[in-house]
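Colleague: A single structure is presented below for examination.
The values are calculated or read from the model by the stated rules, or taken from the named source; none is laboratory data. Please read these numbers as outputs of a predicted model, since none were measured by experiment. Here the Cβ positions follow ideal geometry from the backbone for every residue, glycine too, while neighbour counts run over all protein chains shown. To get the accessible areas, we keep the full protein, side chains included, count just its heavy atoms, and leave off ligands, DNA and RNA. Shrake-Rupley method; radii C 1.70, N 1.55, O 1.52, S 1.80 Å.
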Amino acid sequence: MSYTPTNALISIDIQNDFCPGGALAVGEGDAIIPFVNDQIAHARTHNAPIIMTQDWHPATHASFADNHDGKSPFDMVEMFYGAQVLWPRHCVQGSQGAAFHSDLHVNPADLVIRKGFRPEIDSYSAFFENDKQTTTGLHGYLQNRGVTSVTMVGLATDFCVAFSALDAARLGYQTSVLLQGCRAIDLDGSLAAQLSAMRDAGITLID
Ligand code: VGL
Ligand code: ZN
């Protein structure tokens, strides 16, 4: 007899640079970690797939404001794939800022997806880069493991978590976001906008 869990836990970008003291700190970013560790332990007891994403940029990355003459963090620019926010330099490959927060229980993860490593494309979603076409490989992995539903936690609610959840729903996964396990950047109303976009897409938001 064998039982294949169909729900995967996906933890998004719980890295030092998104936590207090980091280069792109999300308010209370580290406060979610005990809750996330509980979710990881729960998933492990059910043998449910556990996936973590890691924002992983080269120093030359096009999303960094300081790679654009005369631009500042949080300015908007047009990239070949559309509008893009410019960010402070963050999650540079191999840096301490790119490392997972040391309190996060990383060992139980089955798969770590690194994203944002192509210099010319930013990548918020765990599934597709911001051009909406280049894949990370996560969809194929989940299909191979028989996953039909996903539960998401992580940073930041209104960017990488929302983009990941919206792609998951579009790909046909039943998608839930555990808001206790998320914190937001909230740039110009982005949190409210993304929460309503997720609701409109049929994503279950759990308080
Ligand atoms: C993120 C901005 C830039 C995120 C990553 O993890 O939400 N936000 N890179
Ligand atoms: Zn990034």
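Colleague: What number of residues in segment 25-42 are open to solvent by 10 Å² or more (accessible area, probe 1.4 Å) and out of contact with any Gly (no Cβ under 7 Å at 6 or more places or on another chain)?
Modeller: First, pick out the residues of segment 25-42 that are open to solvent by 10 Å² or more (accessible area, probe 1.4 Å): 25, 27-28, 30-31, 34-35, 37-39, 41-42.
Pick out the ones that are also out of contact with any Gly (no Cβ under 7 Å at 6 or more places or on another chain) and you get 25, 27-28, 30-31, 34, 37-38, 41-42.
Qualifying residue count for the region: 10.
Colleague: If you don't mind, there's one more thing I want to ask. Can we say VAL85 is in contact with a Phe, Trp or Tyr (Cβ under 7 Å, 6 or more places away or on another chain), hydrophobic (A, V, I, L, M, F, W, C) and on the phi < 0 side of the Ramachandran plot? Reasoning before the result, please.
Modeller: On the way: in contact with a Phe, Trp or Tyr (Cβ under 7 Å, 6 or more places away or on another chain): yes; hydrophobic (A, V, I, L, M, F, W, C): yes; on the phi < 0 side of the Ramachandran plot: yes.
Judged against the criteria, VAL85 is a match.
Yes/no per residue for (1) within 13 Å of ligand 1 (Cβ to nearest atom); (2) more than 28 Å from ILE32 (Cα to Cα); (3) in contact (Cβ under 8 Å) with a residue 24 or more places away in the chain; (4) of a type in the set (Asp, Glu):
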residue: SER72; (1), (2), (3), (4): no, yes, no, no
residue: GLU78; (1), (2), (3), (4): no, yes, no, yes
residue: GLY82; (1), (2), (3), (4): no, yes, yes, no
residue: LEU104; (1), (2), (3), (4): no, no, yes, no
residue: ARG114; (1), (2), (3), (4): yes, no, yes, no
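Colleague: Would you pick out the residues in segment 102-127 that are of a type in the set (Lys, Arg) and over 24 Å from ARG145 (Cα atoms)?
Modeller: Step one: filter segment 102-127 for residues of a type in the set (Lys, Arg), giving 114-115, 118.
Residue satisfying the conditions is ARG118 alone.
Colleague: Same structure, new question: Return the residues of segment 107-137 that are assigned to a loop (DSSP other than H, G, I, E, B) and surrounded by 18 or more Cβ atoms within 10 Å (Cβ to Cβ); say none if nothing qualifies. Write out each step before concluding.
Modeller: From segment 107-137, those assigned to a loop (DSSP other than H, G, I, E, B) are 107-110, 116-127, 129-134, 136-137; that's our starting set.
Across segment 107-137, the qualifying residues are ALA109, GLY116, ILE121, ASP122, SER123, TYR124, SER125, ALA126, PHE127, GLU129, ASN130, THR136.
Colleague: Can you tell me which residue within segment 148-159, out of those that are open to solvent by 10 Å² or more (accessible area, probe 1.4 Å) and part of a strand (DSSP E or B), is nearest to ALA126 (Cα to Cα)?
Modeller: THR151
Colleague: When you go through (1) in contact (Cβ under 8 Å) with a residue 60 or more places away in the chain; (2) within 16 Å of ligand 2 (Cβ to nearest atom) one by one for THR151, which number turns out not to apply?
Modeller: (2) is the only condition that THR151 fails.
Colleague: If I filter segment 15-33 for residues that are assigned to a loop (DSSP other than H, G, I, E, B), at pLDDT below 95, out of contact with any strand residue (DSSP E or B) (no Cβ under 7 Å at 6 or more places or on another chain) and over 20 Å from GLY140 (Cα atoms), do I get at least one hit?
Modeller: So far as segment 15-33 goes, no, none of its residues is assigned to a loop (DSSP other than H, G, I, E, B), at pLDDT below 95, out of contact with any strand residue (DSSP E or B) (no Cβ under 7 Å at 6 or more places or on another chain) and over 20 Å from GLY140 (Cα atoms).
Colleague: Which of the residues that make up segment 160-189 are within 21 Å of SER63 (Cβ to Cβ), open to solvent by 20 Å² or more (accessible area, probe 1.4 Å) and part of a helix (DSSP H, G or I)?
Modeller: Hits for segment 160-189 are PHE163, LEU166.
Colleague: Which condition does ARG145 not pass, out of (1) open to solvent by 40 Å² or more (accessible area, probe 1.4 Å); (2) basic (Lys, Arg); (3) within 12 Å of ligand 1 (Cβ to nearest atom), if it passes all the others?
Modeller: It fails just one condition, (3).
Colleague: Can you find, within segment 43-70, the residue that is surrounded by the fewest Cβ atoms within 10 Å (Cβ to Cβ) among those that are part of a helix (DSSP H, G or I) and more than 15 Å from ligand 1 (Cβ to nearest atom)? Please lay out each step first, then the result.
Modeller: From segment 43-70, those part of a helix (DSSP H, G or I) are 43-45, 65-67; that's our starting set.
Filter again for more than 15 Å from ligand 1 (Cβ to nearest atom), leaving 43-45.
On the way: ALA43: 22, ARG44: 16, THR45: 7.
Of everything passing the filter in segment 43-70, THR45 is surrounded by the fewest Cβ atoms within 10 Å (Cβ to Cβ).
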